[in-house]
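Beneath this line is the structure, given in structure tokens, with notes to follow.
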């Protein structure tokens, strides 16, 4: 096997082809079998630090988020200084929850093409590359920042760009960006600053014309600072839409001086707790079972919400209404 000519060390593992050419690298060398081309105008060493093995990640939401981030990292070397990652790509970079994207052939998320979203400021030319969804915006409508080494729209700007999502998904996104990390029994990251405030979401919304403005206006009024997960946000939206009172979020429950549980959603006066259970395994299942048992022993009615129940909102509402009655 022919030995490849060493590339200039300054290029690193991933680099734009124009920079390689400026270093004297020939076009034929850029076609070497030791390099890949994740995007037009980008080369990456075959032995570069690999991205995570996405197929091994059980959580499909995490899997798609990491796939979006990996794509952004591959594209970053060719990013124009007036371009930044936006929309779903920006949300993924911030770690925000997004609905799953499925292929056009059904419920397949393994072969789904997750386009990269890149936005150009002002009159700059937009990127025209396969696999990239291009956008253009005015400086007055977006705040561009650097996060984890990537140029990206700010959390509030990102939220306002995603008006094509459903109201429930926009609420979950806003809840994530605006979460206040308050001190409490066993709560992590106490006093960590939120990524955005509800007022900042409102300011981003009215900065100019937005796609899905009506949904954004409805969603921003439902965003709260104490929701810890997108599934909690969805449960809350379902209950409010059904005309039920809005539950309190992540309530610490005590039996006298003894801490019993931090309840996902609660109606303390009626002693009704709503607990969402995701994919539970091993010790997590055991801890949740003990917490629910302690609450029931203390006289609370506990409604346990699973993924199948969340797909039957009428039944969820019926159970909560019955408990409150």
Could you list, in sequence order, all residues of the range 60-101 that are assigned to a loop (DSSP other than H, G, I, E, B) and either farther than 23 Å from residue 167 by Cα or in contact with a strand residue (DSSP E or B) (Cβ under 8 Å, 6 or more places away or on another chain) (or both)? 79, 80, 81, 82, 86
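Confirm whether residue 29 is within 20 Å of residue 89 (Cα to Cα) and surrounded by 13 or more Cβ atoms within 10 Å (Cβ to Cβ).
no
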Reported set for the range 295-309 where residues are surrounded by fewer than 17 Cβ atoms within 10 Å (Cβ to Cβ) and in a helix (DSSP H, G or I) is 296, 297, 307, 308, 309
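Condition (residue is farther than 24 Å from residue 140 by Cβ, exposed (fewer than 13 other Cβ atoms within 10 Å of the Cβ) and at pLDDT 95 or above) applied to the range 225-243: is it met by at least one residue?
Yes: one or more hits.
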Against the condition within 19 Å of the chain's Cα centre (by Cα), over 30 Å from residue 40 (Cβ atoms) and free of Cβ contacts under 8 Å to residues at least 24 places away in the same chain, how does residue 189 come out, does it pass? yes
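If you check residue 181 against the conditions, is it within 17 Å of the chain's Cα centre (by Cα) and either at pLDDT below 95 or part of a helix (DSSP H, G or I) (or both)?
On the way: within 17 Å of the chain's Cα centre (by Cα): no; either at pLDDT below 95 or part of a helix (DSSP H, G or I) (or both): yes.
Considered against the rule, which asks whether it is within 17 Å of the chain's Cα centre (by Cα) and either at pLDDT below 95 or part of a helix (DSSP H, G or I) (or both), residue 181 comes out as no.
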Among the residues that make up the range 279-294, is at least one of them in contact with a helix residue (DSSP H, G or I) (Cβ under 8 Å, 6 or more places away or on another chain), modelled with pLDDT of 90 or more and outside any helix (DSSP H, G or I)? no
Which numbered condition trips up residue 265, out of (1) closer than 23 Å to residue 97 by Cβ; (2) surrounded by fewer than 17 Cβ atoms within 10 Å (Cβ to Cβ); (3) touching a helix residue (DSSP H, G or I) at 6+ places or on another chain (Cβ under 9 Å)? (2)
Taking residue 251, is it at pLDDT 90 or above, assigned to a strand (DSSP E or B) and more than 23 Å from residue 182 (Cα to Cα)? no
Can you find even one residue in the range 186-204 that is modelled with pLDDT under 95, on the phi > 0 side of the Ramachandran plot and surrounded by 13 or more Cβ atoms within 10 Å (Cβ to Cβ)? no
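The values are calculated or read from the model by the stated rules, or taken from the named source; none is laboratory data. Bear in mind the structure is a predicted one, so any value in this text is a computation, not a measurement. Cβ coordinates were reconstructed from backbone atoms using ideal geometry, including for glycine residues, and neighbour counts include every protein chain displayed.
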